[in-house]
Amino acid sequence: MIRNPILPGFNPDPSICRVGDDYYIATSTFEWYPGVQIHHSTDLANWTLVARPLNRAALLDMRGNPDSGGIWAPCLSYADGKFWLVYTDVKRLEGDWKDAHNYITTCEAIDGDWTDPWYVNSSGFDPSLFHDDDGRKWFVNMQWNHRQKGSGVNPVNDRFDGIVLQEWSPDRGLFGPVTNIYAGTDRGLTEAPHLFRRNGWYYLTTAEGGTGYDHAVTLARSRQIAGPYADHPDKHVISTKGVPDHPVQRTGHGQYVEAPDGTPWHTYLMGRPLMHDGKPFCATGRETGIARCVWRDDWLYLEGGGLLPPETVALEAETAPRGAVAHDRFDSLPPEFQWLRTPQPERLFRIDDGALVLTGRESIGSWFEQSLVARRQEDAAYDASTILHFAPQVYQQAAGLVTYYNRHKFHGAFVTSEGGQRCLTLISCNGDWPAGRLDHPIAPVPIPDGPITLSVQVRGAVQQFFWGAGDGVQPLGSARDAFHVSDEGAQGEHASFTGAFVGMMAFDITGQGAEARFSAFAYTPRRLDAAEND
């Protein structure tokens, strides 16, 4: 059985390609480093993380990028005996401007060293590369319009100024005419273009409706690559708009792939909403699903009809259970962990004698150098714990366990120092955008010398921190609102495109680089009772 999401937790904007019997999906990583996640499967059900290719400064440096900036919507393809990866590095996303720079890199092996990139353009985001049957390559991206209202090609949201096409080659770069090939439908916000060819038709898959609950996969076709493109009879091949009770929501932004036997499939971005005060929120962020499709009259439809991607799809493969992951010591950085923005991780952490040692750098709100090493929240309910060895000297030095979304949405249990006494404190930012004001919900709790166990229990929209110095554990303060650590938890208009993480952090705003040793970490999924889903 395929169980959606096939890539749980923050894994949005899935670009899929097949090479023989092997499937690969590339997903967005935004400000998390290294850039782009690539998973591999042979059965579409069981997926393994095999690469994060943008792993050095020549390929990616996001220091200074805003929250939800960085790597947007990669496109992965295979041609000429190698993999091609197209990606965007977004340097600004708020207001009327988007500074979005598009690049291409290649590699003969999916987990090899990718080439230094070709810079392509900056006219918009969500680029992709299409390899035509005649060997020519075509670059498409949505075009961003910063001008006044009424100046774009789609009146629904004319910032999204159509899909533009231009020929590209490694030797010449972009050349030839730039053609705006598709304005989109009345759903608007037309983005995420992917081209494919079948039975003499060029097909253009796009995403529309924004990445929230109006999201959709839209399909159009043309006999000529430059258009004109006619809309699908239903316009949208995948959508859950207007069906609020369906367990899968926010469906859109995917790509078509055929199995070796010709069976058509389409990936899609999705969310699994919980409830908070009567409103939906996606604790696990934007994830990846897949749906089996059928062809009728040279148009693609979901198998079984309708606009709802199925929750499960029958396959002959077993889906491995998603179990606990425990690290009793650190001999290397486990593959599920990432850090933020910088191509210089050696300034943030190192492995030493079975421990992950974090060097305290800038504050938890920094966009430059933040010592946070964390993994995705993949489940609506989970437990996480770590063992910390840390001897702070002043209150400006702290280390601990954090549930984190971005600089204005997080909770953390920290070991610090107050008046010469080692103590525990809670620090939260409850969605306060743009100021990022902190909440300190408890008075400092004195603790003895030696290792401290910190843990958190997350149950839907509620989370509780615990601590222990020996055999027992006890609550640290009262429960925190986990709703804030989600896409929908923002206050204000700030974009929230990533997902919740849990991990280890150290900061030292004295600038002296105090070190904190983490000797273990565990993540255990739990069952969410109906009563805990508000």
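What follows is calculated from the coordinates using simple rules that are stated; it is not laboratory data. Since we're looking at a predicted model, the values are computed, not measured. Cβ placement follows ideal geometry from the backbone for every residue including glycine, while neighbour counts extend to all protein chains displayed.
Give me M270, M505, M142, M275 ranked fewest to most by other Cβ atoms within 10 Å of their Cβ, as a rough exposure proxy.
M275, M505, M142, M270
Output wanted: per-residue J couplings in Hz (rounded whole) for segment 408-413, from phi through Karplus 6.51 cos²θ - 1.76 cosθ + 1.60, θ = phi - 60°, x for Gly and Pro.
Couplings: 10, 9, 6, 9, x, 9 Hz.
Using 0.36 nm per residue of separation minus the Cα-Cα distance, give me the extension gain between E362 and V153 in nm, one decimal.
Stretched out fully, the E362 to V153 stretch lengthens by 70.9 nm.
Given R₀ = 35 Å, FRET efficiency for A443-R92 by Cβ-Cβ distance, to 0.05?
On the way: r = 40 Å, r/R0 = 1.14.
For A443 and R92, the calculated efficiency is 0.30.
Relative to a virtual label point 7 Å from the Cα of A522 in the Cα→beta-carbon direction, which members of segment 462-479 show backbone nitrogen distances below 19 Å?
Within reach of a label on A522: 464-476.
What do you get for Rg/Rh of segment 6-313 when both radii come from the Cα atoms and Rh is the Kirkwood radius?
Result: Rg/Rh = 0.93.
Check Q397: other-chain or 5+ apart residues with amide H under 5 Å from its amide H, H built from backbone geometry?
Result for Q397 returns S417.
Which value results for Rg/Rh of segment 407-471 when Rg is the Cα radius of gyration and Rh the Kirkwood radius based on the inverse mean 1/r?
Looking at segment 407-471, the ratio lands at 1.01.
Give me Rg/Rg_expected for segment 325-532, where Rg uses Cα atoms only and Rg_expected = 2.2 N^0.38 Å with N residues. Write out the running numbers ahead of the final one.
Details: Rg = 15.8 Å, N = 208, 2.2 N^0.38 = 16.7 Å.
For segment 325-532, the normalised Cα radius of gyration comes out at 0.94.
Along the Cα→Cβ direction, 7 angstrom out, place labels at R223 and Y119. What is the inter-label distance in nm?
If labels sit at R223 and Y119, their model points lie 4.1 nm apart.
Taking K91 as the anchor, which aspartates and glutamates have their alpha carbon closer than 17 Å to its alpha carbon, excluding any fewer than eight residues away along the same chain?
Cα-Cα hits under 17 Å: E31, D61, D67, D99, D126, E369.
In nm, to one decimal, how far is the modelled label at C107 from the one at D353, with both set 7 Å along Cα→Cβ?
3.4
Hey, what did segment 330-405 get for relative contact order, percent, Cα under 8 Å, at least 6 apart?
On the way: 76 pairs, mean separation 20.7, N = 76.
Averaging sequence separation for qualifying contacts and normalising by length gives 27 percent for segment 330-405.
Could you grab the relative contact order for the chain? Cα pairs under 8 Å, six or more apart, rounded to a whole percent.
Relative contact order comes out at 14 percent.
Among the listed pairs K279/K409; K82/K137; K149/K241; K241/K279, which are separated by more than 21 Å between their Cα atoms? Before the final figure, lay out each step's value.
Details: K279/K409 18 Å; K82/K137 14 Å; K149/K241 26 Å; K241/K279 15 Å.
Violating the 21 Å Cα-Cα cut-off are K149/K241.
Give, to the nearest whole percent, the P(r) tail of the chain beyond 37 angstrom, counting all Cα pairs.
Working: 41125 of 142311 pairs.
Considering the chain, 29 percent of its Cα-Cα pairs are separated by more than 37 Å.
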